[in-house]
Amino acid sequence: MAGQQEIKTPTCAKCGACTPVCPVYQSTGRESHTARGKLHLFKVGASFDSAYFNDLLGKCIQCGACDDACPRNLTPSADIRTWRGQQPFGNDPHGFFKFLSTKMLASPLLQEGGCQTLRALFDTLPKASGLRKRLDLLVPGFTARPQLPLPPKKSSGKILSYFPGCLAEHLYKDIKAATAILADRCGYALHTPAALTCCGLASHASGNKQEAQKLARKNIKAFAVNSPADSTSPILTSCASCTSHLKSYPALFADDPEMHEKALVFAHRVQEFSTFFVGQDGLETTKPQQPLFYHDPCHLRFGPCQVSREPRQLLTETNGLPPLALPAQCCGQGGLFHLTNPDLSQDIFTRALEPLQEHSRGLVITTCSGCLLQWQQGLARANSPLTAEHLAVFLAKICKD
Ligand code: SF4
Ligand code: SF4
């Protein structure tokens, strides 16, 4: 393994607890796609010179299920990220694509420009255009975003910090608007610092620790400098993936005591929005009793968040009926994973959709912008009568005037 940095190989007991929970393994049935398989290959000397191994490193959605299942408290998902970071650029089959994507995500201007261009292109296309249909499948309802009620102006003066994330900031703007409506009903005005950038999850998952740290520094500073909100008050988030990654900032700076301290304070303030709104007065709804399913994002099931009760409780209280049963199952999106491994991503989604096949109506609710994208695309591709919506948007639409 010439030129390869030596990694302290974790002690894996080969018990296999990480195998059945791995969504990639569930699709392919290949041992080399499990955490155990990858750890073993590295132990016996897998090399970055091998095209096979380089491809293998991309076959991980970074869901964290293996970390959660491991009785030895190993963190195989972190090892996979470390190895990805050591892949020579030319040997990573998705290296160039990952480089471009993470650069784009690091630039809010590029993202906004890209989304506006796409929207303008969409508007010029004839209704029957094949490209229009393909774009609509890419981001269903791209131009027909649901109309949200305008929030009444309240004058409580309480300001709450908010981290919308790239998708809610540029693509799914209704999520940001809906979160503002919910906050308003509870007596808060949201404040999003202008200097915010991508949470850095895509860079982190690609193994680009330096870029991930750079983005994290910007975000920590953005909420610490000139913020009108109390410096100890919650920073609300409406995307599970962003939430999980923002809460992981302390680990990102484990080797930098000064930044680690700041990251700890920051991470402590980060609060997933359903856990905030479930305890609030003010969300009076029409209780429409719609048939609903709640999809648990992996980033809330595993890792630092562990949020599953609150979204369900919020749905039960506001809809007037509890969500219908839906097994917790990865949807296959995984950020860049659904672009670098489209067939595998689709296969994982098909398994998530399977329990819903018998239903002729219903709304799939989730709290992750990435999962939402996957569900909207997947349901449209499958010609399903079901639709998908973000929890914040659903709640804002059923709020009483
Ligand atoms: S992080 Fe998820 S996809 Fe990756 S090896 Fe672990 S269980 Fe499998
Ligand atoms: S659960 Fe942990 S110890 Fe068991 S095989 Fe997987 S990585 Fe190894």
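The values are calculated or read from the model by the stated rules, or taken from the named source; none is laboratory data. Bear in mind that the values here come from a model prediction, so they are computed numbers and not experimental data. Neighbour counts are summed over all protein chains in view; Cβ atoms, including those assigned to glycine, are modelled from backbone coordinates with ideal geometry.
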Item to check | Filter result for the condition that a residue is more than 18 Å from the chain's Cα centre (by Cα), touching a residue at least 60 places away in the same chain (Cβ under 8 Å) and over 20 Å from residue 22 (Cα atoms), over 280, 289 | outcome: 280
Checklist outcome for this item: Flagged in segment 297-355 as of a type in the set (Ser, Thr, Tyr) and not in a helix (DSSP H, G or I), in numbering order, are 308
Next on the checklist: Any residue at all in segment 61-71 that's charged (D, E, K, R) and modelled with pLDDT under 95?
Outcome noted: no
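Residue-wise test of (1) under 14 Å from residue 290 (Cβ atoms); (2) of a type outside the set (Val, Ile, Thr); (3) not assigned by TED's automatic domain parsing to the domain that holds residue 180.
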{"position": "346", "(1), (2), (3)": "no, yes, yes"}
{"position": "350", "(1), (2), (3)": "no, no, yes"}
{"position": "355", "(1), (2), (3)": "no, yes, yes"}
{"position": "363", "(1), (2), (3)": "yes, yes, yes"}
{"position": "367", "(1), (2), (3)": "no, no, yes"}
{"position": "371", "(1), (2), (3)": "no, yes, yes"}
{"position": "379", "(1), (2), (3)": "no, yes, yes"}
{"position": "384", "(1), (2), (3)": "no, yes, yes"}
{"position": "388", "(1), (2), (3)": "yes, yes, yes"}
Checklist entry - Are any residues in segment 268-307 of a type in the set (Val, Ile, Thr) and under 30 Å from residue 251 (Cα atoms), and if so, which ones? => result 270, 275, 278, 307
Next on the checklist: Checking the conditions here, which among 255, 230 is over 26 Å from residue 193 (Cα atoms) and charged (D, E, K, R)?
Outcome noted: 255
Next on the checklist: I'd like to verify a number: residues in segment 231-263 that are loosely packed, with under 14 Cβ neighbours inside 10 Å and of a type outside the set (A, V, I, L, M), how many?
Outcome noted: 7
Checklist outcome for this item: Per the filter on segment 347-372, residues over 26 Å from residue 169 (Cα atoms), modelled with pLDDT under 95 and within 19 Å of the chain's Cα centre (by Cα) are none
Checklist entry - Taking segment 348-378 on its own, how many of its residues are hydrophobic (A, V, I, L, M, F, W, C), closer than 26 Å to residue 245 by Cβ and in contact (Cβ under 8 Å) with a residue 60 or more places away in the chain? => result 8
Checklist outcome for this item: Pairing a residue in segment 11-38 that is free of Cβ contacts under 8 Å to residues at least 24 places away in the same chain with any residue that is more than 10 Å from ligand 1 (Cβ to nearest atom), where Cβ atoms lie under 8 Å and the two sit 6 or more apart in sequence or on different chains, gives 19/31; 25/31; 37/30; 37/31
Item to check | Unique residue being in contact with a Pro (Cβ under 7 Å, 6 or more places away or on another chain), under 29 Å from residue 66 (Cβ atoms) and buried (at least 21 other Cβ atoms within 10 Å of the Cβ) when the list is 298, 371 | outcome: 371
Checklist entry - Does residue 64 satisfy being crowded, with 19+ Cβ neighbours inside 10 Å, of a type in the set (Gly, Ala, Ser) and near ligand 1 (Cβ under 10 Å from one of its atoms)? => result yes
Next on the checklist: Can you say whether residue 14 is in contact with a helix residue (DSSP H, G or I) (Cβ under 7 Å, 6 or more places away or on another chain), away from ligand 1 (no atom under 11 Å from the Cβ) and farther than 23 Å from residue 349 by Cβ, as far as the supplied structure shows?
Outcome noted: yes
Next on the checklist: On the basis of being over 20 Å from residue 386 (Cα atoms), outside the structural domain of residue 167 (by TED's automatic domain parsing), crowded, with 23+ Cβ neighbours inside 10 Å and touching a Cys at 6+ places or on another chain (Cβ under 9 Å), does residue 331 make the cut?
Outcome noted: no
Next on the checklist: Residue under question is residue 36, and the condition is that it be of a type in the set (Lys, Arg) and in a helix (DSSP H, G or I); does it hold?
Outcome noted: yes
